[in-house]
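Got a structure for you, questions after.
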Amino acid sequence: MKTILTSTAAVVTAIAFSSCAAPAGPNTQRGAATGALLGAAAGGIIGHQSGRALEGAAIGAAAGGTAGAVYGNSRDQEEYGYRRGYGY
């Protein structure tokens, strides 16, 4: 059961980070990597308290990576708007 859950989390994370659209900007990539690292660390610590450090790290990495990518993408969109003359 543990192997299935871990494998499923790995596949879902891989699918979530693959993109069919235009290439991600530098802030999106940096945000996803930073969020995944911080999320994995926090999830591993929290999961260790309940005896499931690996599962906590996987869930934390997925959640942190997604949140970081969303934040980085918004920063890329904002910078792109400024370069195109659509400043606020």
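Run GLY65 past the list (1) more than 13 Å from THR13 (Cα to Cα); (2) touching a residue at least 40 places away in the same chain (Cβ under 8 Å) and report the number of the one that doesn't hold.
With respect to (1) more than 13 Å from THR13 (Cα to Cα); (2) touching a residue at least 40 places away in the same chain (Cβ under 8 Å), GLY65 is out only on (1).
Being modelled with pLDDT of 70 or more and aromatic (Phe, Trp, Tyr) is true for just one of TYR71, TYR82. Which residue is that? Lay out the reasoning, then the answer.
Working: TYR82 fails: modelled with pLDDT of 70 or more.
From the options TYR71, TYR82, the qualifying one is TYR71.
Another question, then. Which of (1) farther than 21 Å from ILE4 by Cα; (2) modelled with pLDDT of 90 or more is the odd one out, the single condition CYS20 does not satisfy?
(2)
State all residues of segment 38-57 that are of a type in the set (A, V, I, L, M, F, W, C) and either under 18 Å from ASN73 (Cβ atoms) or at pLDDT below 85 (or both); if no residue qualifies, say none.
The answer is LEU38, and nothing else.
The values are calculated or read from the model by the stated rules, or taken from the named source; none is laboratory data. Predicted model, so just to flag it, every value in this text is computed and none were measured. Positions of Cβ are backbone-derived with ideal geometry, glycine not excepted, and every protein chain shown enters the neighbour counts.
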